[in-house]
Every structure is written in C-alpha cells, then in structure tokens.
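One structure is given below, encoded as structure tokens.
Values in this text are rule-based calculations from the coordinates and carry no lab data. For clarity, every value in this text was computed on a predicted model and none was experimentally measured. Note that we place each Cβ from the backbone using ideal geometry, even for glycine, and neighbour counts take in every protein chain shown.
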Amino acid sequence: MKEQLIQYLAVPMLQIAAIIGVMLLCVMYLVLWERKLIAFMQVRMGPMRVGYHGLLQPIADVVKLLLKEDVVPKAADRWVHLISPIILMIPALACFAVIPFTGTSFEVGAFTIPLVNYDVPALTVTSWVADLNIGLLYFLAISSLGVYGLVLAGWSSNSKYSMLGSLRSAAQMISYEVPLGLSIVAILMLSGTASLVGIVEAQQEAGHWWLFWAPLGVPLLWPQFIGLFLYFVAAVAETNRAPFDLPEAETELVAGFHTEYSGMKFAFMFLAEYLNMILAALIVSVLFLGGWLPVTFGIPGLSELFGNFLPFLGGAGAAITGFFWLALKVFLVLTVYLWLRATFPRYRYDQLMSLGWKWLIPMGLAHVMVTALFMLLRG
Amino acid sequence: MLGTRELEINLGPQHPSTHGVLRVKLKLDGETIVESDPVIGYLHRGCEKLGENRNYIQTEVYTDRMDYIAAINENLVYIEAVEKLLGVEAAPRAQYMRVILAELQRIASHLVWLATHALDIGAMSVFLYCFREREAILDLIEGYCGARLTTNAIRAGGMRLDFPDGWTGAAKDFCDEFPARLKEYDTLLKTNRIWMGRTKDIGVISGEKALSYGITGPCLRASGVNYDVRKAMPYEVYSEMEFDVPLGSVGDTYDRYLVRLEEMRQSRLIVLQALAKMPEGPVMNKVPKRIKPPAGEVYVVNEGPRGELGVYLVSNGTDTAERCRFKSPCFVNLQALPELAKGHMVADIVALIGTLDIVLGCIDR
Amino acid sequence: MSVVQRPELSLWKRLFLVELLQGMAVTFRHWWRKPTTEQYPKERPKILPRFRGIPKLQDHPDVEGILCIACNQCSIICPDDCITVLGEPRTVGKGKQAKVFILDYERCCLCGLCEEVCPTTPVPAIFMSHEYELARYKRVDLMNDMKELYEPQPTKEYLK
Amino acid sequence: MTEVSLPLFLVFAAVGVFGAVMMVTRTQPVHSALYLVLTLFSVAAIYVLLHAEFLAVVQILVYAGGIMVLFLFVIFLVRPPVPGEARWHGGRHVLLSAGLAVILACALGWHFLESAPAAAGNPSALLEGGNMEQVSMTLFRYYILPFETVSILLLVSMIGAIALARKGEGV
C-alpha cells in the first residue's frame, strides 16, 4: 500500500511540480527570446537594461505583473472574470502530463527520509507523468477546453471589444481543431498507437522520423511534410499567434479578450498563451520530429554518436541527451513561430475562416487518404 | 421572436490604430460595418485663428505643427502664399532647395504612412524598417535646419540657410541606397498573399466618386484620375523636373499602396534631378525684414504628400493676416471613410484609416 | 502618367508559398544586421552643428560686459511670448543691456526665430544651444532667469 | 470497484449532481452553461473510473470542447442578460418536474434492478489493449452499416437546418 502510494501519488506529484516549475521558467525565457528575436529581425536590440543584455528582464516583468493593481470593470461578472484566466491556465498545464520528455527513465536508488526515518524503495522514474494509451486524444480533448477561458473572459468583461475578441477566438479554435486533428490522424495510422511514448518508439523502430517517412522507398517523397505544414498552421491558429492572432488583434480590438484584464489575471492569460505555444512545439517534435531521438537519427554512424554524449553517466546520460534533443527541436520550432510573427501581416477574420474550412480541412482529408493509400500499397 | 441588432462600437479616441486622436462610431452587423461616422476635433489647436493673431513670420511656426508628418510641405505652401501676397519670388537656388526638401519630406511622410499602414494590418517589421529610412531623411532635414519635425525652414524670398557642407553628398547617398530598401518592402508586402488579401478590393472608390468627394493626392490618383498639382499648376521648379505621375486602375487599398510606393521612387528621382541642376548663388532675395504685404487676398495650393494643400490669406496691409485658412487634404479624404468602409469587415476599417493616410493634426488644425 | 502594375501570384508561387518564404528571408537577413538602436542615456545622440536645442544666452570675448542689448526683438518675434527682457543702461559703453532676462521653457517651441532676429555682433546673444534634456520635476524650474541662461546645463553621467 | 475508486466515485457523483442542480436553478444562462460543463466533467471522470477512457476523452472532446462552446456562443449572441428577468413560475412547474423526475428515477431503477448482472458485460475484455480498439472495432466492423446510415442522416439534417436557417436570404 505504501509503495503504491509512493509510486502512484508521491512520484507523480513531484513530477507535476517539476514540470510546472520548469515550464513556467521556460515561458519566462520564451517571452524574452521572443522580444529579443523580433527585435533582432527589426534591427533593434530588445530588452537591454535588466541584467546582461536583459537576461533578468523576465523576472522584472513577473514582479511587475504581481504587484500591479487588479482592475475589475464595474459591470463585469466578478466570478467568471476571476475564474476564466484559471480555466485558460489549467488545460494548458494539464496537457503536459502526457508529453514524453525523454525516452530513458531515471533510476532512483533506495534512500531514507531522515526526520521520519522512512525508507523509500528503489524507484524507476519516467520522464512523463502518465503514458496514456489515448495520449493524443487526451491532448486534443484537454487543449480544446482552453477556449472556455477565452470565451468567458470576453463575456465576463462586459466590453464590446472583449466580446468580439472572444467570439472570434471561439470560432477560430473550433474550426482549426479539425485540421489539427486530421493532420495527426496520419501519424496515428503510421504509429498504430495513440500513446505519445508509443509514437516516438514507433519512429525509433521505423528508423526515421515520421517527417521523413518515404513510402514505397521513393527517397524524396515525404507526404508527412504536408502533415507537418497542416499541423503547424493549425497550431499557430489554435494558439492565436500571428499571422492568425485575431482574437487579440491589437490594431482592431485593442487587446481582444484580455482588454479588461490586468495584474495577475493578465499574467495567467499570458502564461497560458505561451504554455500552449510550447505545447504545440512539443507535439510537433514528438509526432513529426522524433521526440527525444537525436537530430542525426537515421544517419548511420552519427545516430549512435549523438544518441548519448554523456556515456560516463550511464542511463542518466542517455536521458539527459534525449532531453537535450527534444529541447533543441522545441526551441527551433518556437523560433519559427516567432519568425512568422516578425514577418507577416495579419489575416482577416473571414479569410482565416475560409483558409481553415476551404483549404486546410480538405487538405487534411486528402492527406489522410494519401497516407492510407501509401500504407496500403506498401502492405 | 428572434431578431438581429446592430452592435455599436466606439473606435477611439483611445485606440491603437486611430493615427492621432480620431474617433469612429461604428455600427456593426456581426463583423460587417453598416455605418461608420468619423468624429474629429480632438486635436484642435486653433492654428487658423492663431494665424490671424500672429504675424506672417510667426505663423509659419504653427504650420509646422499642423501636418507634423510633412512640416516642410506645409511651410512651403504657407510661404508661397505670403510671397504671392508680397509679390516676391524666391531666389533660384532656394527654389531648387525647396523642391529637394519637399520631396525628401514627401518620401519621409510616405514612409510613415507605409509603416503605420503595415502595422495596422499586422506587419510589424515593415514599421521599423520604414522608420529606419525615415530616420535617415530626418537626419538630413535636421542637418539642414536644426529640427527634425518642426522645421520652420522656409522664409519669404528664399530659404533661411544654405545647405551645410557635405549635405548634398549625404542626400545623394540616401537616394542611392533607397531603392534597395524599397525592394525589401516589396518582398515583404507587395506580393505577399496576406497583404494582397487584406488590401485588394477593399475600399474601392471610382474616379468620379473620388472627384465628387473632393479627394486629392495619391488617393485620387489611385482611382485613376490624373491630377497632380505639381503637373497641373507647377510651382517652384517642378516644371523643369521630369517625373511620372503613377495612377491606379481599380481604386482600392492595394492601388493606393502601389501608387504611394511608386511616388516614393519618383520623388527620389526628383531629388536627384534637383540636386544635379541646382545653381550656385544666394538663397535669399531681398525682402523687407518686417513683412507687411499690401492689402489683397490669395489662395495658393501645392501638392502635399497627402493631397492638395491650400492656404487662403487675406491681407489688410498690416503684418498680420486678416484671414488665414488652411485647406487640409486629410480632412477632405477622411470624409470618404463612411463610403469606403460600408460593407467591409471591422478589421478593414483600420486598413482604410491607414490607406487614407490621415494626420489628425492636419484635419483638426 | 502611367498606370501601376498590379502583380498577380502565379500558381507555382501560390502552391509553394514562394513569396512567404522570400518575406521570411528578408527578416532573416535583418537578423544579422547591425541594430540601429541608440542606448540613449548611455549613448548620446550625435548632435549636428545646426541643431536647435533650448535657447540660451551667451557673451563674446570681443564685447565687454553683457552681449545682450535688451532690444526686445526676440521677445517680439517669439510666437509663444516666452521671453521677457528688461533693460538698464550699459555698465560699459553706451546703450542698453539686459537687466532681467526670463525664458519660459514651458512655452518655448524651439522655433529658432529669436536667434534669427538677434542683432548683436559678432554672435547672437540668444542662441539655440545643443542642450535638449528639458525634463524637470517642477514647472517653476522651467522658468529660467539670466543666471541660469548663461550656465550650461550639467549633464548627468549614466553608467549603466 | 476497487477500494480507491469508490470514494472517488462518490466525490465525482456528488460534484455531478451538484452541477446539475445548480444548472437548473441559475438565472444567468452563462452560469447554467458553466455548471453543465462541470457535470459533463464529472461524468467523464466517472467513465475513467469505469475504465472507459476513450469514452471519457470523447465526452470531453465532443460535449465539453465542442457542443458547450457552441451553446455559450448562442447564449452570447442571442441577447445580453437582463438581470432579474427570469421568473419563478410557481408551484405548477415544480410539481410537473418533480413528477417527471420520479417517473424517470423509477424507470431507470427498474431497468437496472432487472438487468444489472447482464449489463456488466465482460470487463476484462474492455481492459485489454485500451478500449479505443474495442470501440473502433464495434463501430467500423460490426456495425458499419448502421453507423454510416446514421452519419448520412445527420448530414441530411445538417443540410436541412442550414437550408431552413437561410431561407430568408434567398439562397
């Protein structure tokens, strides 16, 4: 019973705490990287004041947001106004439960907790909180809940701009969930499992990332490029990022659904947005780019070389290596995200809808068909 | 049972994309604009009344502050009116200098327009690239007259100062570098599908209708009407310059964008020609120190970056104007906003405010 | 006159997102360009010789005593009425000199007309200095009398 | 049910009932919708306890993520809330709904008492290899014809609804 408690309660709690802590730190520095990168692309310098080249800027920002006055409009629905940032935040964090950060698990030896003299048995700790056999569906289901936060935030602020922003976002998120799901279906078929760990393992078995899946042995025919493109576009739209950042299009709707938010509540919304970005990048890396597998995976010789560059640490070395490769992939995907923001104008609401329904959804359906066809031909 | 109602929205006066302080009352059906009603006057400072209480020299200072994006063009048209009242001409070298400065200012003004228009549609980087180039022009203007925006550079009878050493070289350098920058903007916007989608067929206005609204400047030319004060009634030395007046074919936001970009290229050519042709000599003709024009009235127009700038002055023989009125192209162009916006989406209203290139200082005066 | 060309995207460009990628290449190239930012309090802007900062008073070694002759021309030309001059008989030579000279920076629009009309030789007594930092904690600090108008403004050193 | 899942079931059941009661008693439609979401969630949690993870996820994905958002959409769009407008309709409605509730409870109770042992089915088969496979096998292999028929029926009704809604616009 005690061992079960540790295995099923204490360890996941610690994992959850670690993931939340690390992810919040990641968000802080993602914001800094966004500001820096966009500044560089616009021949500016970005934050320079706090710390060396602005490295402590995120901390200053957090302190500022914490100390800011919390303004609630007089006509707002106070309770809904309060809970909507929380509703936005919870699904964003909950999705991280199924993400495999690295393949190899950490071995924790038996030890005794000093004061209570409690013996903790030897444990094997995985890098994921839960390996659900429906992991992908879980991700889709939970991430689709974030829309409540936006909708309710817009409604409860009792402001026309917020309302317009939240209506836009609801329509946008519902319509882009379909191409998002469709682009995942092909990967699901290739892997034969909906578990995210299983998907990476399937890529390991196949010997290449799913992105480079070459049906019928044709070297440069990679149908999953379309899948990646579809997923990426849909994910950019899902996370309300430029060029699809209509819910918060600052030149039309001031700040969209969070116009009336300030202080901590605004910080929560901000955090949720960036958590969703990181999440989308993680899913791209896991589904298409081989998760924790090294960048050189599939190239004979190099693959083994970069599979574990800390061999003297044994299993932990392999785990850290896997973690490093996943982090690198996520970083690159996020950089592309920000790059898009620095380059493109914003779509209009109706154009966004027609892009989603008239182009991405048919493309997604065709992509599923084509992948299925190739799989059949291959036998 | 169920019915639909229009949503009324106040766009401004506190809004990120109202270019100063404009308020637009919008009536929306869903996201479609049913009615839009611009409300102006938030930046009214009484420049015209001040022009009737300050003497001719002092009033020029206020013209700087009307169209603060293109101060030199405002200075120029006011001083031309004063010169016409006085019956004097500017020194030949000064006339070329005026053309050079006015065209540089036109480029700078169009750059601000492009920057803010692009930002309104969401292209952030273009905003900063444009301001980088504008900075170069403002440095030139500052090097000439000592101020970047409130230039106060032109005097009746000529110019206050000659170009400083090395100024013409710097201006040439800028003109040499500029086309490459314009090409970058083209890559980012001109052929970009999102930009095309956001601007093509948005706010179409026919040439006839534009004329009946009294629209002038690039907005009129984008509707295909060939009217440019520089060609129609040449002032200063524009008759000696060779340049092309770009016209649009459809009259939509995309055409207005293309026309203004082409105008920047033409302005650059004018600057180069004027730099090459500029004669040596004094920059100031003999003009009495106290300007006391004989009684009479004049109306003078020239081509500002936004359209036809006009000044109406009535002199009663003293050093202060009896009547001083400014014709602002922005004010006239803004009138067309309800016509342009009808039936478009709420996101288009910011594109349309941007495409009209309004400066509220010029509208409210 | 000429009609501007409206470019159309070819099917090839449309399919392969060519123009979007070209746009991304432009921003990518800019990534590696030198930033144009000026780290203001740390780095000071380059002041051009003709820069019109706040007006100040000056004397000249060739002229004994105060250069200003209290002719009131600057006060008359000023569009914002921000200059007040009172004269007294000159201590050396004949004519007048300024006894009281008050400049209200709060109203000054930096137009430079006062410098332009100043008749003193060899340099104008009132001139547009190269100082540009006008922020004060109190409005009254912006009213400058003669003593302050002669003193150059102390420049703060910013280490960071 | 194992020893852990019984208290969990009680918690979720209580939350579900609480949400349902609150949903029908709120005057503000948005609040009602939110309580309904809460109820849907607790039902999903109970599905998880019954090892029907797939069904739980689909419940969240379809009901909470899709349908309820559209509900909210409609509530927002139809008209702004007028406080105090919703009225208490008096005893007649309470009697009627209480009667209906009793009838429903009797019917359900009778059904479960009659067929409880048979309804449990074969739980071990459900646990094998995740029930996604089970569900897809059932839907796409054994009952493919009814499934497709139902989808065509839904499509037709959808088109019909659109046609009816846009009648006035001359489409």
State the percent of C-alpha pairs, over all pairs in chain B, separated by a distance greater than 31 angstrom.
34
For helix B:253-277, report the angle its Cα long axis makes with the longest principal axis of the Cα atoms of chain B; keep it between 0 and 90° and round to the nearest 10°.
20
Using only Cα atoms, locate the centre of segment A:205-265 and the centre of segment B:85-157, then give the distance between them in Å, rounded to an integer.
42
Rounded if a/c is under 1.5, else prolate if a/b beats b/c, else oblate: with a ≥ b ≥ c from the C-alpha gyration tensor eigenvalues square-rooted, which is segment B:98-209?
prolate
Could you give the dipole magnitude of the protein assembly as shown about its Cα centre, charging the beta-carbon of Lys and Arg +1 and that of Asp and Glu -1, in debye to the nearest 20?
1040
Eigenvalues of the alpha-carbon gyration tensor of segment A:132-175, times 5 and square-rooted, give semi-axes in Å, largest first, of 27, 10, 4
Expressed in angstrom and ordered largest first, the alpha-carbon extents of chain C along the principal axes are 86, 51, 32
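At a Förster radius of 56 Å, what calculated FRET efficiency corresponds to the Cβ-Cβ distance of C:Val100 and B:Trp167, to the nearest 0.05?
On the way: r = 39 Å, r/R0 = 0.70.
Computed FRET efficiency for C:Val100 and B:Trp167 comes out at 0.90.
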If the cut-off is a Cα-Cα distance under 16 Å, which lysines reach B:Lys84, setting aside same-chain residues fewer than 8 apart in sequence?
B:Lys286, B:Lys292
Chain A: Kirkwood hydrodynamic radius (Cα pairs, Å) comes out at 22.3
Can you tell me which of A:Pro362, A:Pro179, A:Pro294 moves the most in a GNM of chain A? Springs connect C-alpha atoms under 10 Å apart.
A:Pro362
Among A:Phe374, A:Trp210, A:Leu228 the positive-end extreme of the charge dipole of chain A (Cβ point charges)
A:Leu228
Expressed in nanometres to one decimal, the distance between label points 7 Å along Cα→Cβ at B:Asp244 and C:Thr37 is 4.0
Out of B:Arg93, B:Arg193, B:Arg160, a Gaussian network model of chain B with alpha-carbon springs under 10 Å gives the largest mean-square fluctuation to B:Arg193
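List B:Asp357, B:Asp255 from most exposed to least, where exposure is judged by having the fewest other Cβ atoms within 10 Å.
Working: B:Asp357 26, B:Asp255 30.
In order of increasing Cβ crowding within 10 Å: B:Asp357, B:Asp255.
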Using a Förster distance of 45 Å, how high is the FRET efficiency between C:Tyr132 and A:Lys74, based on the Cβ-Cβ distance and rounded to 0.05?
0.55
Per residue of A:164-175, other chain Cβ atoms within 10 Å number on average 3
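Please order A:Met277, A:Met28, A:Met23 by the number of other Cβ within 10 Å, starting at the fewest. Let's see the in-between values first.
Values: A:Met277 26, A:Met28 17, A:Met23 21.
So the residues, fewest neighbours to most, are A:Met28, A:Met23, A:Met277.
Rank by packing, highest mean first: peptides B:341-353, B:173-185, with packing defined as the count of other Cβ atoms within 10 Å averaged across residues. Intermediate values should be presented prior to the final figure.
Numbers: B:341-353: 22.8, B:173-185: 15.4.
Descending mean neighbour count gives B:341-353, B:173-185.
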Note on segment B:1-70: alpha-carbon gyration tensor, axes a ≥ b ≥ c; rule is a/c under 1.5 for rounded, else prolate if a/b larger than b/c, else oblate; result prolate
In nm, to one decimal, how far is the modelled label at A:Leu220 from the one at B:Glu322, with both set 7 Å along Cα→Cβ?
8.1
Under 21 Å from B:Lys190, Cα to Cα: lysines that are on another chain or at least 8 residues apart:
B:Lys200, C:Lys13
Give me the base-10 log of I(q)/I(0) for segment C:55-150 at each q in 0.11 Å⁻¹, Debye formula, one uniform scatterer per Cα, rounded to two decimals.
-0.30
I'd like the distance separating the alpha-carbon centroids of segment B:240-256 and segment C:20-56, in whole Å.
31
Averaging over every viewing direction, what projected area does the convex hull of the Cα atoms of segment A:91-136 cover, in nm²?
4.8
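Over all distinct Cα pairs, what is the inverse of the mean 1/r for segment D:1-79, reported as the Kirkwood hydrodynamic radius in Å?
Hydrodynamic radius (Kirkwood, Cα pairs) of segment D:1-79 is 13.2 Å.
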Give the percent of DSSP beta bridges with both residues in the protein assembly as shown that are antiparallel, rounded to the nearest 5.
95
What percentages, rounded to whole numbers, describe P(r) for segment B:44-86 computed over all alpha carbon pairs with 10 Å bin width beginning at zero?
31, 58, 11
Which of A:Glu238, A:Glu201, A:Glu107 moves the most in a Gaussian network model of chain A with Cα springs under 10 Å?
A:Glu107
For the Cα atoms of chain C, what angle does the longest principal axis make with the long axis of helix C:18-31, in degrees from 0 to 90, nearest 10?
40
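How well do other chains shield peptide A:139-145, expressed as the mean number of their Cβ atoms within 10 Å of each residue Cβ? If you can, show how the numbers build up before the last one.
Values: counts 1, 4, 10, 5, 2, 7, 8.
Mean number of neighbouring Cβ atoms from other chains: 5.
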Taking the protein assembly as shown, how much of its Cα-Cα pair set, in percent, is spaced more than 53 angstrom apart?
34
Dipole magnitude of chain A about its Cα centre (Cβ charges: Lys, Arg +1; Asp, Glu -1), debye to nearest 20:
840
Among A:133-142, A:11-20, B:227-236, A:146-155, the order from most to least packed when residues are scored by Cβ within 10 Å on average:
A:146-155, A:133-142, B:227-236, A:11-20
For B:Glu297, which sequence-distant residues (separation of 5 or more, or a different chain) have an amide H within less than 5 Å of its own amide H, given hydrogens modelled in the peptide plane?
B:Ser315
Cα centroid separation, segment A:179-196 to segment C:89-160 (Å):
75
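I need the shape label for segment B:181-274. Rule: rounded when a/c is under 1.5, else prolate if a/b > b/c, else oblate, with a, b, c from the alpha carbon gyration tensor.
Numbers: a/c = 3.64, a/b = 1.23, b/c = 2.96.
It is oblate, given that a/c is not under 1.5 and a/b is not larger than b/c.
What value, in deg cm²/dmol to 500, does the helix sum -39500 (n - 2.57) over DSSP H runs of n ≥ 4 give at 222 nm once divided by the residues of the protein assembly as shown? Let's see the in-between values first.
Working: 43 runs with 562 residues, N = 1075.
That comes out to -16500 deg cm²/dmol.
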Take each of the peptides C:14-22, C:76-84, average the number of other beta-carbon atoms within 10 Å over its residues, and list them starting from the highest.
C:76-84, C:14-22
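What average count of beta carbons from other chains do you get within 10 Å of the Cβ of residues in D:59-70? Mind dumping the intermediate values first?
On the way: counts 1, 8, 10, 2, 0, 6, 13, 4, 0, 4, 10, 3.
Partner Cβ neighbours, averaged per residue: 5.
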Computed ³J(HN,Hα) along segment D:50-64: with the Karplus parameters 6.51/-1.76/1.60, θ = phi - 60°, integer Hz and x for glycine or proline, the list is 8, 6, 10, 4, 4, 4, 4, 5, 5, 4, 5, 4, 7, 6, 6
Considering the options C:Leu86, C:Phe127, C:Leu57, tell which one lies farthest towards the positive end of the dipole of segment C:55-150, charges being +1 on Lys and Arg and -1 on Asp and Glu at the Cβ, about the Cα centre.
C:Leu86
Using the Cα centre of segment B:148-228 as origin and beta-carbon charges of +1 (Lys, Arg) and -1 (Asp, Glu), tell me which of B:Gly157, B:Asn192, B:Ser212 is placed farthest towards the positive end of the dipole.
B:Ser212
Give the cross-link partners of C:Lys46 among the lysines, using a straight C-alpha distance below 23 Å as the criterion and excluding same-chain residues fewer than 8 apart.
B:Lys172, C:Lys34, C:Lys56, C:Lys156, C:Lys160
Using bins 10 angstrom wide from zero, how does P(r) for segment B:280-365 break down, in % of all Cα pairs?
15, 30, 26, 17, 9, 3
